[in-house]
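**Student:** Okay, handing you the structure first.
The values are calculated or read from the model by the stated rules, or taken from the named source; none is laboratory data. Just so we're clear, the structure is a prediction, and the values are computed from it rather than from any experiment. Positions of Cβ are generated from backbone atoms using ideal geometry, with glycine treated the same way; all protein chains shown enter the neighbour counts. Ligands, DNA and RNA are stripped out before the accessible areas are found, and what is left, the full protein with its side chains, is counted by its heavy atoms. Shrake-Rupley method; radii C 1.70, N 1.55, O 1.52, S 1.80 Å.
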Amino acid sequence: MLKMLSTQLGGLLQKISTSQEEAIEETARLLAQAGVAEGTVYFACFDEMQAIENNALHSAEPFTKLKPWSKDTKLVSTDRVCIFTRHANDPQALELAHSLYDLFIPFAVVASEKAEDSGEMADLAYTYVSLGIKKGLLPNDAGKRIVLPYSFAAMFVYEAVKMSYDEMLSND
């Protein structure tokens, strides 16, 4: 079972790598706008995606110019936000997306659905990265699909965005 899990996770990451490369680069570029200006980068992470913000703030290599986002955060035009959510139709994430859109604050979204299946979320976002998770990776004994690695896949996207972001900031 472990070998199957390893194979499926490797396939998921490869799929994200090939199908979302441009969106990941655009997301890094968007966040770098705040990084090179007087702005701040915020990650708005919902449910288990909170792991992304924790890693970005407290890891050995923290994300430069990142501050924790909360409902009380006062944004300015030079700030950039990246929303990490399991699903694009999450009510809290969608509420934030509408608020950012209305404030003319460009933002990125990382969610499981493909952009064309995300409802209005991809239309509101400046950039949209799909994790491509539709169902569990493995079948269990009862025939159900299990292992929904949302935060695992989002961490991979985060690391890819961070590598490009750091490179962009170091070139300035």
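**Student:** I need to check one value: relative contact order of the range 76-125, counting alpha carbon pairs closer than 8 Å and at least 6 residues apart, in percent.
**Tutor:** 46 percent
**Student:** I've got another one for you. Are there GluC sites (Glu not before Pro) in the range 9-46 that DSSP puts in a loop and that have at most 16 other Cβ atoms within 10 Å, and which ones? Before the final figure, lay out the partial values.
**Tutor:** Values: sites: 21, 22, 25, 26, 38; in loops: 38.
Passing sites in the range 9-46 are 38.
**Student:** Further question on the same structure: Using just the helices of the chain, give the 222 nm mean residue ellipticity in deg cm²/dmol: DSSP H runs with n ≥ 4 each add -39,500 (n - 2.57), and the total is spread over all residues, rounded to 500.
**Tutor:** -15000 deg cm²/dmol
**Student:** Next up: Express as a percent, rounded to the nearest 5, the fraction of DSSP beta bridges in the range 40-172 (both residues included) that run antiparallel. Before the final figure, lay out each step's value.
**Tutor:** Working: 2 of 18 bridges.
Of the beta bridges lying entirely in the range 40-172, close to 10 percent run antiparallel.
**Student:** Next question. Highest first, please rank the peptides 149-156, 102-109 by the mean number of other Cβ atoms sitting within 10 Å of their residues. Write down the numbers at each step before the final one.
**Tutor:** On the way: 149-156: 19.9, 102-109: 18.2.
Highest to lowest by the protection proxy: 149-156, 102-109.
**Student:** By how many degrees, 0 to 90 and rounded to 10, does the Cα axis of helix 150-170 deviate from the longest principal axis of the chain?
**Tutor:** 40 degrees
**Student:** So, one more: Which of the lysines could a cross-linker span from residue 65 if the Cα-Cα distance has to be under 23 Å and same-chain partners fewer than 8 positions apart are dropped?
**Tutor:** In chain and number order, the partners are 74, 162.
**Student:** What residue among 128, 101, 158 shows peak mean-square fluctuation when the chain is described by a Gaussian network model with Cα springs under 10 Å?
**Tutor:** 101
**Student:** Where in the range 1-37 does the label zone of residue 146 land, with the point 7 angstrom along Cα→C-beta and an amide N cut-off under 15 Å?
**Tutor:** Hits in the range 1-37 for residue 146 at 15 Å: 1-6.
**Student:** Of the accessible area of the chain, with the probe set at 1.4 angstrom, what percent is carbon plus sulfur?
**Tutor:** About 52 percent, which is the carbon plus sulfur part of the accessible surface.
**Student:** Now a separate question. Each residue of the range 94-111 in turn: what ³J(HN,Hα) in whole Hz from Karplus with 6.51, -1.76, 1.60 and θ = phi - 60°, glycine and Pro shown as x?
**Tutor:** 5, 4, 5, 4, 5, 4, 4, 4, 5, 8, 6, 9, x, 9, 10, 10, 10, 8
**Student:** Let me ask another. How big is the chain in terms of Cα radius of gyration and Dmax, in angstroms?
**Tutor:** Spelled out, the Cα radius of gyration and Dmax of the chain are 16.0, 55 Å.
**Student:** Hey, another quick one. Specify the angular offset, from 0 to 90 degrees and rounded to the nearest 10, of the alpha carbon long axis of helix 21-36 from the longest principal axis of the alpha carbons in the chain.
**Tutor:** Approximately 30 degrees, to the nearest 10.
**Student:** On to the next question. How large is the convex hull of the C-alpha atoms of the range 57-98 per residue, in Å³?
**Tutor:** Taking only Cα atoms, the range 57-98 has a hull volume of 95 Å³ per residue.
**Student:** Now a separate question. Taking only C-alpha pairs under 8 Å that are 6+ residues apart, what is the relative contact order of the chain in percent?
**Tutor:** On the way: 275 pairs, mean separation 45.0, N = 172.
Value for the chain: 26 percent.
**Student:** Can you work out the FRET efficiency for the pair residue 58 and residue 33, with r the C-beta to C-beta distance and R0 = 30 Å, to the nearest 0.05?
**Tutor:** 0.80
**Student:** While we're here: Given H placed on each backbone N at 1.01 Å, which residues far from residue 109 in sequence or on other chains put an amide H within less than 5 Å of it?
**Tutor:** Long-range HN contacts for residue 109: 83, 127, 128, 129.
**Student:** Ok, one more. Going by alpha carbons, how many degrees (0 to 90, nearest 10) lie between the helix axis of 2-19 and the longest principal axis of the chain?
**Tutor:** Once rounded, the angle reads 40 degrees.
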